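Encoded as structure tokens, the structure appears first; notes follow it.
The values are calculated or read from the model by the stated rules, or taken from the named source; none is laboratory data. Source: prediction; values computed, not measured. Note that we place each Cβ from the backbone using ideal geometry, even for glycine, and neighbour counts take in every protein chain shown.
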Amino acid sequence: MTSSRLVELFEDAGLVEKIQRKLPYLFHLAEQESARGGRVGMEVGSKREQILVALLIYKFGEENVNTSVPITMPEVDVLLYDEPVSIKTITGLGGVKVVWTVDWEKVEEFRRSYEPRSDILLAQIRWGSDGGLFLIPRELQRAVFHDLGRDRYLHIPKRGTNPRGVEIARKALRRMLSDETGRLRKIDIRWERPNVAPIEPYRRWLDYWRSDSA
């Protein structure tokens with residue numbers, strides 16, 4: 001069993017219901033704001049992360065969620081009560097990036113030195129189907145990491161391609177998401193798109209330009 005304070009998200013019945021109800025709506029808005037020409041832009045990942053960080057602030061208080069993470073912790077997004085948390089979102093069972101880089105030397109350096117150091121808060125999005133919000137604690141990651149070995153736990157892009165970072169391999173992710181030892185926590189979410197009017201992505205900024213205020 002994990003000692004992470006993140007567990008409290010999954011044990012608060014009222015908050016669980018709110019997450020199940022609100023997260024699909026908020027992620028849908030994030031996609032609309034990121035859409036260009038009918039395609040969702042890569043900035044949607046940052047917007048989803050902001051939504052989940054806001055959830056942590058809502059639950060634990062702004063004073064306990066530190067988003068000023070040192071650059072020496074590239075796989076960490078926030079510190080919750082000074083404990084590192086990595087926030088990830090995937091569609092279906094896609095790749096989970098643990099570090100972004102286009103430098104092959106940094107890819108190799110990361111591969112050699114990597115081991116799981118933070119809890120992962122993972123949102124699995126499956127529009128029109130069932131997904132969830134997961135807590136994958138460090139101890140579960142480490143167990144799978146040591147069982148599979150570094151080279152099977154991490155997915156390294158092929159030489160000669162644009163690396164764009166290192167991922168947790170799908171086999172490793174499936175192993176963690178099917179854990180039955182009690183370490184994994186999950187909130188089941190039905191990912192239905194809300195019936196809301198399309199967002200005009202420039203409207204907010206246009207309103208600022210039209211306003212006389214600073």
Next on the checklist: I'd like the residue in the stretch 131-153 that is charged (D, E, K, R) and over 21 Å from the mean Cα position of the chain (by Cα) and, out of all such residues, is nearest to Gly94 (Cα to Cα).
Outcome noted: Arg152
Item to check | First in the stretch 66-85 and closer than 13 Å to Arg138 by Cβ, second anywhere and among the acidic types (Asp, Glu) and in a loop (DSSP other than H, G, I, E, B), Cβ under 9 Å, 6 or more apart | outcome: Pro84/Glu75; Pro84/Asp77; Val85/Asp77
Checklist outcome for this item: Glu180 meets each of (1) closer than 26 Å to Asp130 by Cβ; (2) in contact (Cβ under 8 Å) with a residue 24 or more places away in the chain; (3) among the charged types (D, E, K, R) with one exception, condition (2)
Next on the checklist: Checking Ala30 against (1) touching a residue at least 24 places away in the same chain (Cβ under 8 Å); (2) touching a helix residue (DSSP H, G or I) at 6+ places or on another chain (Cβ under 8 Å); (3) buried (at least 16 other Cβ atoms within 10 Å of the Cβ): exactly one of these is not met. Which one?
Outcome noted: (1)
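Matching residues to (1) in contact with a strand residue (DSSP E or B) (Cβ under 7 Å, 6 or more places away or on another chain); (2) surrounded by fewer than 20 Cβ atoms within 10 Å (Cβ to Cβ); (3) farther than 30 Å from Val16 by Cβ; (4) modelled with pLDDT under 95:
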site	(1), (2), (3), (4)
Glu109	no, yes, yes, yes
Ile120	yes, no, no, no
Ile156	yes, yes, yes, yes
Val166	yes, no, yes, yes
Checklist outcome for this item: When restricted to Thr72, Thr89, the only residue at pLDDT below 95 and exposed (fewer than 14 other Cβ atoms within 10 Å of the Cβ) is Thr72
Checklist entry - For Gly41, all conditions in the list (1) of a type outside the set (D, E, K, R); (2) more than 22 Å from Pro116 (Cα to Cα); (3) touching a Phe, Trp or Tyr at 6+ places or on another chain (Cβ under 9 Å) hold save one; what is the number of the exception? => result (3)
Next on the checklist: Take Arg183 and tell me if it is at positive phi, part of a loop (DSSP other than H, G, I, E, B) and not aliphatic (A, V, I, L, M).
Outcome noted: no
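Determine, yes or no, whether Leu184 is surrounded by 10 or more Cβ atoms within 10 Å (Cβ to Cβ), closer than 22 Å to Val16 by Cα and in contact with a Ser or Thr (Cβ under 9 Å, 6 or more places away or on another chain).
yes
Quick check on Phe145: is it surrounded by 14 or more Cβ atoms within 10 Å (Cβ to Cβ), in contact (Cβ under 8 Å) with a residue 12 or more places away in the chain, in contact with a helix residue (DSSP H, G or I) (Cβ under 9 Å, 6 or more places away or on another chain) and in a helix (DSSP H, G or I)?
yes
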Next on the checklist: Can you say whether Glu200 is surrounded by 10 or more Cβ atoms within 10 Å (Cβ to Cβ), part of a loop (DSSP other than H, G, I, E, B) and without any contact (Cβ under 8 Å) to a residue 40 or more places away in the chain, as far as the supplied structure shows?
Outcome noted: yes
Checklist entry - Within the stretch 38-45, is even one residue surrounded by 17 or more Cβ atoms within 10 Å (Cβ to Cβ) and closer than 30 Å to Ala13 by Cα? => result yes
Next on the checklist: When the residues of the stretch 125-142 are narrowed to those that are without any contact (Cβ under 8 Å) to a residue 60 or more places away in the chain and in a strand (DSSP E or B), which ends up surrounded by the most Cβ atoms within 10 Å (Cβ to Cβ)?
Outcome noted: Ile136
